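Have a look at the structure below before the remarks.
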Amino acid sequence: MEANGLPSRTSILTAAARAFGSRESDSSVRNPDWVADRLIGPEELALITEHPISKALDLPFDEAINDPDIFGFAWLMLVRTRFIDEHLERAVRNGARQVVILGAGFDTRAHRFAELLKGLPVIEIDYGTTQDYKKQRVEAALGGAPSNLVYVSVDFARESLGDVLRRAGHRDDEKTFYICEGVSMYVPEEGMRGTLRTVAAQSAPGSSLLLEYMNRSGIEFSQQYPMGVVKNALDWGEPFVFGVPDGQDREFFLETGLELGETLKMGSPESVQRYAMRADGTYYGAHLAKVFQERREAMEKALTDEIRQKMAQATLAGYWLAELKVPERVS
Ligand SMILES: C[S@@+](CC[C@H](N)C(=O)[O-])C[C@H]1O[C@@H](n2cnc3c(N)ncnc32)[C@H](O)[C@@H]1O
């Protein structure tokens, strides 16, 4: 995506889905990212026309929410925005003095949490092209960024996060809260391991990283049978390449120096219960239950046993939001 001079289109896609979700009238299932709705305009939507979310912001909300692809993506963003927001607030309450957002794209937390983060450096890290585009958009749509926000560019696959953090004035003797949302699947394994190792080695004990990741069988399945958003990402030059080995999550992270803390499996009953229930006790998406059921059945029928098995394995392995902790150092 760097090579084509365009910003990461998946970063626009996720922000557009949050913008859409922020228009929900029921506050119990509303995406808190109201700033995304100001950042994503017609020019941004023109870059993601292959996904129906590009039309959603121009349609009446109650009509667009009936499209299963629009709803499904908005649902995903609802759960992940809320989970990560909650962890950010908790980390700052527990003494984090810096926030680093890896692969920030159109992340708006520096803006939405301006009051909470006052006086704390917020470092946004991304490819230069995506970052330059975002900076211009922030200027045009929001009139600028909070003074504590620092932008630094990186290619996680080729550069050391350590150098980048030093350039940004990051202090390794202060607790840091890191966010890596919707990024790990795009970064080759060595780059991802290096990034995690740097977080472990160059952050004060008590620091933590909120990581969204998939397991390897899910990545392999999506590479063999790219569908939906994964297919869009592939066509835009942002293929899924990395997944944590199935069933070895804890060991994998420990090897980089990080301890696995709280996890949330996307799509699990717990994720629904915590983040996607309406105030009236019904779950968000109940209106599409029949449509999703029919889709599942049609797909089941169309698949061979082998593909069905691989899909089941990928679903079982999972797609996660996880807290990774920098342990106390034993001297
Ligand atoms: C799906 S977007 C997620 C953006 C944002 N975190 C969010 O959740 O909306 C993936 C982001 O990862 C960034 N990214 C992917 N690979 C990268 C790499 N090797 N180096 C730096 N940034 C990368 C992209 O530029 C993009 O902003």
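The values are calculated or read from the model by the stated rules, or taken from the named source; none is laboratory data. In this text the structure is predicted, and so the values were computed from the model without any measurement. We place every Cβ from the backbone using ideal geometry, glycine too, and count neighbours over all the protein chains shown. Quick note on the areas: whole protein, heavy atoms, side chains included, nothing else; ligands and nucleic acids left out. Shrake-Rupley method; radii C 1.70, N 1.55, O 1.52, S 1.80 Å.
To the nearest 20 Debye, how big is the dipole of the chain about its Cα centre, given +1 on the beta carbon of each Lys and Arg and -1 on that of each Asp and Glu?
560
For the chain, what is the accessible area per residue in Å² when the probe is 1.4 Å?
44
Restricting to Cα pairs below 8 Å that are 6+ residues apart, what does the relative contact order work out to for the chain? Please round to a whole percent.
19
Please compute one quarter of the surface area of the Cα convex hull for region 189-242 and express it in square nanometres.
If I average the Cα hull's projected area over directions, I get 4.6 nm².
What does the net charge come to around Pro239 if you take all other residues with beta carbon closer than 13 Å to its beta carbon, with K and R at +1 and D and E at -1?
Result for the neighbourhood of Pro239: -1.
Accessible surface of Leu6 in the full protein assembly, 1.4 angstrom probe, to the nearest 10 Å²?
Accessible surface of Leu6 is approximately 50 Å².
Please compute the Kirkwood hydrodynamic radius of region 65-150 from all pairs of different C-alpha atoms, in Å with one decimal.
Roughly 14.3 Å, rounded to one decimal.
Which stretch or stretches of region 178-222 have amide N atoms under 17 Å from the point lying 7 Å from Leu316's Cα along the Cα→Cβ direction?
215-222
State the three equivalent ellipsoid semi-axes of the chain, derived from the C-alpha gyration tensor as the square roots of 5 times its eigenvalues, in descending order and whole Å.
30, 24, 20
Once neighbouring chains are kept in place and the probe is 1.4 Å, which whole percent of the accessible area of the chain is contributed by carbon and sulfur?
Roughly 51 percent, rounded to a whole number.
Report the residue, chosen from Glu294, Glu238, Glu159, that carries the largest GNM mean-square fluctuation when the chain is represented by alpha-carbon nodes joined by springs under 10 Å.
Among Glu294, Glu238, Glu159, the largest GNM mean-square fluctuation belongs to Glu294.
In a GNM of the chain with a 10 Å cut-off on Cα contacts, which of Lys231, Lys134, Lys118 has the highest mean-square fluctuation?
Lys118
Could you let me know the centre-to-centre spacing of region 45-78 and region 147-217, using Cα atoms, in angstrom?
Using only Cα atoms to place each centre, the spacing works out to 30 Å.
Beyond 19 Å, how much of the Cα-Cα pair distribution for region 216-331 remains, as a whole percent?
Across region 216-331, Cα pairs with separations above 19 Å total 63 percent.
Can you bin region 1-154 into rounded, prolate or oblate? Criterion: square roots of the alpha carbon gyration tensor eigenvalues sorted a ≥ b ≥ c, rounded for a/c under 1.5, prolate for a/b above b/c, oblate for the rest.
Oblate.
I need the Kirkwood Rh of region 155-234: take the reciprocal of the average 1/r across all distinct C-alpha pairs and report it in angstrom.
Here the Kirkwood hydrodynamic radius works out to 14.1 Å.
Once the Cα gyration tensor of region 1-77 is diagonalised, what are the square roots of 5 times its eigenvalues, in whole Å and ordered largest first, as equivalent ellipsoid semi-axes?
22, 13, 11
Just grab the label-to-label distance for Val241 and Arg93, each label 7 Å out from Cα along the Cβ direction, in nm (one decimal).
My value for the distance between the label points is 3.9 nm.
Under a Cβ-Cβ cut-off of 11 Å, what is the net charge of the residues other than Arg216 that fall near it, where Lys and Arg count +1 and Asp and Glu count -1?
-4
Please build a GNM for the chain, connecting alpha carbons under 10 Å apart, and tell me which residue among Tyr133, Tyr151, Tyr225 fluctuates the most.
Tyr225
What length, rounded to one decimal in nm, is gained on full extension from Ala141 through to Lys265, with 0.36 nm per residue of separation minus their alpha-carbon distance?
The Ala141-Lys265 span can extend by a further 41.2 nm.
Could you quote the convex hull projected area for region 231-285, Cα atoms only and averaged over all directions, in nm²?
Value for region 231-285: 6.2 nm².
Any chance you could run the full-extension gain for Asp69 through Glu115? It's 0.36 nm times the residue separation minus the Cα-Cα distance, nm to one decimal.
Length gained, Asp69 through Glu115: 13.1 nm.
From Cα pairs below 8 angstrom and at least 6 apart in sequence, can you work out the relative contact order of region 164-294, rounded to a whole percent?
The value is 24 percent.
Which shape class, rounded, prolate or oblate, goes with region 69-108 when its Cα gyration tensor gives a ≥ b ≥ c as root eigenvalues, a/c under 1.5 marks rounded, and past that a/b bigger than b/c marks prolate?
Here region 69-108 falls in the oblate category.
Local charge sum around Val92 (other residues, Cβ-Cβ under 14 Å, Lys/Arg +1, Asp/Glu -1)?
+2
Got a sec? Charge dipole of the chain, +1 on Cβ for Lys and Arg, -1 for Asp and Glu; which of Met214, Leu116, Gly191 is way out at the positive end?
Projecting each Cα onto the dipole axis, the largest value belongs to Leu116.
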